[in-house]
Amino acid sequence: MKKYIDSITSKKFDLNILDIVSIILSLTVLCLIIFDQFNFPGIYQALFIIPLLIVLVLELKSEERSSKITVKNNIIVLLLIATMLEIILSVTVGKSFPLFYLLLPVFYGIFGLIPVIISLACIFAVQLITTDLIPAIISLVVLSLTTFLFGPILKYSFSKYRYYFIDSNNHDIADNPANKPSFDITLGNIDTYKSEVRESLSFLGKLIEHNSIILYLKNEEGLYEIYDYLSNTSDAIDSGQKLLFRSGYINWLTKTNSPVMIDDIKNLRENAAYYSKTVEIKSLMAVPLKNKLLDSDKSNNGAKGILILDNYNKKAFNESDREIAELIADKIYSTLVIEKLQKNVSDSGDELTSLYDYIQKLESNMDSDKIIKHLLTTLVSTIPNDMICITLNNPDTNESTIKATNIENEYLSNKTFSNHNSLIGLVNQGDKSLGFTDISDRSKFRTVFDREIDFTVNVKNLKSTIIFPIVNQDETVTNENEVLGAVFISREKKLEFNDEHKNLANVLIQQAAKAITYSTNLKRINELAIKDGLSGLYNHRHFKEMLSNFVARALRYSEDLSVVIVDIDNFKMINDEHGHQAGDVIINETGKLIANSIREIDIAARYGGDEFAIVLPKTNESGASYVTEKLVKRIEASKILNSEKVNITFSIGISSFPKNAMTQDGLIEKADTALYEAKNRGKNQTVHFNDIDETLKLTEQKNQTESEH
């Protein structure tokens, strides 16, 4: 009590015009009622409620714009409500004050002790004026008994459901670190990481000019406490604070997980709740500590913490400052989560002994399938589940493929299904997770995977479920929210996954996403080194390397092998007439047609500017001719290569191992010779080197016969 009174007497009540109007209007009406001067007709008495209601709404709106409700606010709101209720009582039964026997306990539960004591004193004073001393004392005793008997009960009930109001009663936590509360999964036991958090705050302080930097963290009770701070006025920081932001800018932040910037603070006490005395700051910026992938989960209950900066100058913060603060907030959040994750993973009892080991194993694997398998094994051992399924997304075909699951069923192995109208597809469309306490309550028009897979895994028996996206971690991609796949975790109990499980799974998945992204990028780099960017086929160097390998194999195992060289007829003329962009389109289309005309074991490459080469292992002369015939048919059917403007034709040369040549260079030379023979014969045709060989033999025979005669 003394602490409360001392805190009040050390502060000034800043009354604005609205507060003065509210007090004068309320006291005027109450005096008229008390001294029996409220003798207007009933309808006119009731009209007095309208201005009282207007100023009450304005007072409440004023509270919404603040982050702290003061004693002054409580008293004024109580006075307005009491006045309106007394008018209603006067109009209906012609009596005043009996309603306070019911209302004061409620006010005690909501507003606290001090406003109620002031109300009792005012009522007692009025009773002394209007009645004798003894009746006034009796009335005060009875009113006090009902208030202090039922008020604490109501206050306990309100606090149980977290209807907390920000006043000095909430500032009772000692500065002793031993008295710090144990935080939930977002925080964990963070003593060992406190220095790292302090370093982050110090770094932020060097980047952005400030008076104070305050870090709030949310505890198990859902209240925000100051975890750490830096301030030029540290003696004014209420470091033992524990509160719930009931309204105002910070309340909006906690509910929306969105940053706020105030350029000119009007009410310091209401917008800077962390100060125990007046500090003349003008600007304030606040950003949330949050888990970006879980923000869409309704059970996430808002921001896990708040990072606040203030400044003595107006408009002190800009968008660049906000971005910096958000980056530091993310760093602090990761620091606190990973410490908890380290402990949880270490306690799993499996061969995975720490997050470091988990990451090391991920980084040692360059194969996406092995990374996914490792992720599945870790999730199964650390997250309570009855089913886990990991899928990869193919945005080009709008399909997903099951890559790993702990359900033993061969049907599910590499099973591909459409993303359309499925929950997996819905997650693939964005970068947010989906959570269900009972997945069977979802819309009947949306499957989890598809109907066949849902039936196979018996989805109808699954209850509590969460689906995480696997988000591309490559900052250089055009679509920063590109979803690589999804992780489906479910159990048969209708028991929601808690924050600990969700944060643990999320961090494991994020680390796996980084490894998958790195593996994918490495494959892309390797492909860029051996592939032609325009045609999509292999480049000349890789073609020569692969042909050398195939020739060696053909020699060792006495296998057939053919080489095909394809050349675009009159390509220079096409470039000159239609431009190089048209030429690029033709190269690209030709590459696609060749790739679609050969087997997986065949190798196709862009051999030169307008030349393409194909290696056909285990293929003889007739087999090579069949491949080229199929290619020619595709070329003739192409609307790009054959239109009103252009009509593209190709000349093709073929050589075969071992009849035409038994070396890499020999096969290329013979195929090239056959190609030039096709050009000499009028283009738009296919020639095998055997045809040239037979022609040479006939010519030699003819010349020999003529010489004999």
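The values are calculated or read from the model by the stated rules, or taken from the named source; none is laboratory data. Computed from a predicted model, the values in this text were never measured in an experiment. Glycine also receives a Cβ, built like all others from the backbone with ideal geometry; neighbour counts cover every protein chain displayed. Surface areas here come from the heavy atoms of the whole protein model, side chains and all, with no ligands, DNA or RNA. Shrake-Rupley method; radii C 1.70, N 1.55, O 1.52, S 1.80 Å.
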What is the dipole size for segment 446-574, taken about its Cα centre, with +1 at each Lys and Arg Cβ and -1 at each Asp and Glu Cβ, in debye to the nearest 20? 360 debye
What percentage of the solvent-accessible surface of segment 188-250, computed with a 1.4 Å probe over protein heavy atoms, is contributed by carbon and sulfur atoms? 45 percent
In Å², and per residue, what accessible area does segment 195-283 have when probed at 1.4 Å with the other protein chains present? 40 Å²
From the protein chains alone at 1.4 Å, what is the descending order of accessible area for Arg524, Arg606, largest first? Arg524, Arg606
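Could you work out what % of the accessible surface of segment 594-661 is carbon and sulfur, using a 1.4 angstrom probe and leaving DNA, RNA and ligands out of the count? Provide the component values of the computation, followed by the final result.
Details: 1640 of 3320 Å².
Whole-percent figure for carbon plus sulfur exposure: 49.
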Once the other residues with Cβ under 10 Å from the Cβ of Leu537 are scored (Lys, Arg +1; Asp, Glu -1), what is the net sum? +2
Using the heavy atoms of the protein chains and a 1.4 angstrom probe, tell me the accessible area per residue for segment 490-623 in square angstrom. 49 Å²
Quotient of C-alpha Rg and 2.2 N^0.38 Å, computed over segment 424-556: 1.52
Take the residue pairs Lys463/Lys514; Lys255/Lys432; Lys331/Lys432; Lys415/Lys463; Lys61/Lys255; Lys242/Lys331 and return only those whose Cα atoms are more than 28 Å apart. Lys463/Lys514
Expressed in µm² per second, the diffusion coefficient of segment 557-704 from the Stokes-Einstein equation, with Rh the Kirkwood radius over alpha carbon pairs, at 10 °C and 1.306 mPa s, is 100 µm²/s
